[in-house]
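Chemist: Can you read through this structure? Questions will come right after.
The values are calculated or read from the model by the stated rules, or taken from the named source; none is laboratory data. What you are looking at is a predicted structure, and each value in this text was computed from that prediction instead of being measured. Note that each Cβ is placed from the backbone with ideal geometry, even for glycine, and that neighbours are counted across all protein chains shown. Keep in mind that these areas ignore ligands, DNA and RNA; they rest on the heavy atoms of the full protein, side chains included. Shrake-Rupley method; radii C 1.70, N 1.55, O 1.52, S 1.80 Å.
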Amino acid sequence: MTTPPAQDRLHAQLSFAMEIDKLRRVVRRNTLMDGSRRENDAEHSWYVGMLAMVLAEHAPPGTDLDRVVAMLLVHDIVEIDAGDTFIYDSQAVEAQLGIERKAADRIFGLLPDDQACRLRALWDEFEERRTPEARFAKALDRIAPIMANHHNEGGTWSLYKVTAEQVLEKVKIIEEGSPTLGAYATEIIALSVSRGHLARA
């Protein structure tokens, strides 16, 4: 007796659903804003998705916000296999790309073909940053840890001896997605420097 196609589809969807639960276990280097503990990838994805809705007016005109939120929900799923990469470790970031692509093949491949293609396309779009939606999504992904470190007396900046110049280099990506948010990021970086929470090189 063969399994009905509808049941095959459901089993594939549930297999994916069980797999992505592992995202709650992937602990990032960044802490919560109060510094009480490190955040996990699932929390981060939810938070930046919420930022997309709250800060929507700072996106480029005509931006499809539903697509931005969808991208942010899937953007870190690959870290189930690849783990969190410290953004200021350039060698690790470069090496991680191939690992993350393999992870995307495996994890999105658990879904039925139509859904696998849609979610993988969203992940690729986010990584490539060729659309206004992807650039805005990436800006939110970049500004969230800057906000957390600023409100946590330097947070991981202090812990890992990150300099203001290194952080400002990341602001370029924020500016690409939202000039308003890029200006805000630059402002809070300068404030962090003035308070002694972020060192100059």
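Chemist: Does Ala148 satisfy the criteria of being part of a helix (DSSP H, G or I), surrounded by 16 or more Cβ atoms within 10 Å (Cβ to Cβ) and touching a Phe, Trp or Tyr at 6+ places or on another chain (Cβ under 7 Å)?
Modeler: Numbers: part of a helix (DSSP H, G or I): yes; surrounded by 16 or more Cβ atoms within 10 Å (Cβ to Cβ): yes; touching a Phe, Trp or Tyr at 6+ places or on another chain (Cβ under 7 Å): no.
Judged against the criteria, Ala148 is not a match.
Chemist: Another question about this same structure. If we keep just the residues of segment 26-62 that are more than 19 Å from His151 (Cβ to Cβ) and touching a strand residue (DSSP E or B) at 6+ places or on another chain (Cβ under 7 Å), which is least open to solvent (accessible area, probe 1.4 Å)?
Modeler: Only one residue fits best here, namely Asp41.
Chemist: Tell me which of these Ile87 doesn't satisfy, since it passes every other one: (1) within 18 Å of Glu125 (Cβ to Cβ); (2) β-branched (Val, Ile, Thr); (3) not in a helix (DSSP H, G or I).
Modeler: (1) is the only condition that Ile87 fails.
Chemist: Under the condition of being in a helix (DSSP H, G or I) and in contact (Cβ under 8 Å) with a residue 12 or more places away in the chain, which residue from segment 106-117 is surrounded by the most Cβ atoms within 10 Å (Cβ to Cβ)? Explain how you work it out, then say what you get.
Modeler: From segment 106-117, those in a helix (DSSP H, G or I) are 106-108, 113-117; that's our starting set.
Among the residues that remain, those that are also in contact (Cβ under 8 Å) with a residue 12 or more places away in the chain are: 106-108, 115.
On the way: Arg106: 13, Ile107: 25, Phe108: 23, Gln115: 15.
Ranking the qualifying residues of segment 106-117, first place goes to Ile107.
Chemist: Hey, another quick one. In segment 169-201, how many residues are open to solvent by less than 80 Å² (accessible area, probe 1.4 Å), in a loop (DSSP other than H, G, I, E, B) and touching a helix residue (DSSP H, G or I) at 6+ places or on another chain (Cβ under 8 Å)?
Modeler: Matching residues across segment 169-201 total 3.
Chemist: So which residues in segment 118-137 are closer than 18 Å to Lys172 by Cβ and open to solvent by 10 Å² or more (accessible area, probe 1.4 Å), if there are any at all? Quick ask: steps written out before the conclusion?
Modeler: From segment 118-137, those closer than 18 Å to Lys172 by Cβ are 126-132, 134-137; that's our starting set.
Matches in segment 118-137: Glu127, Glu128, Arg129, Arg130, Thr131, Pro132, Arg135.
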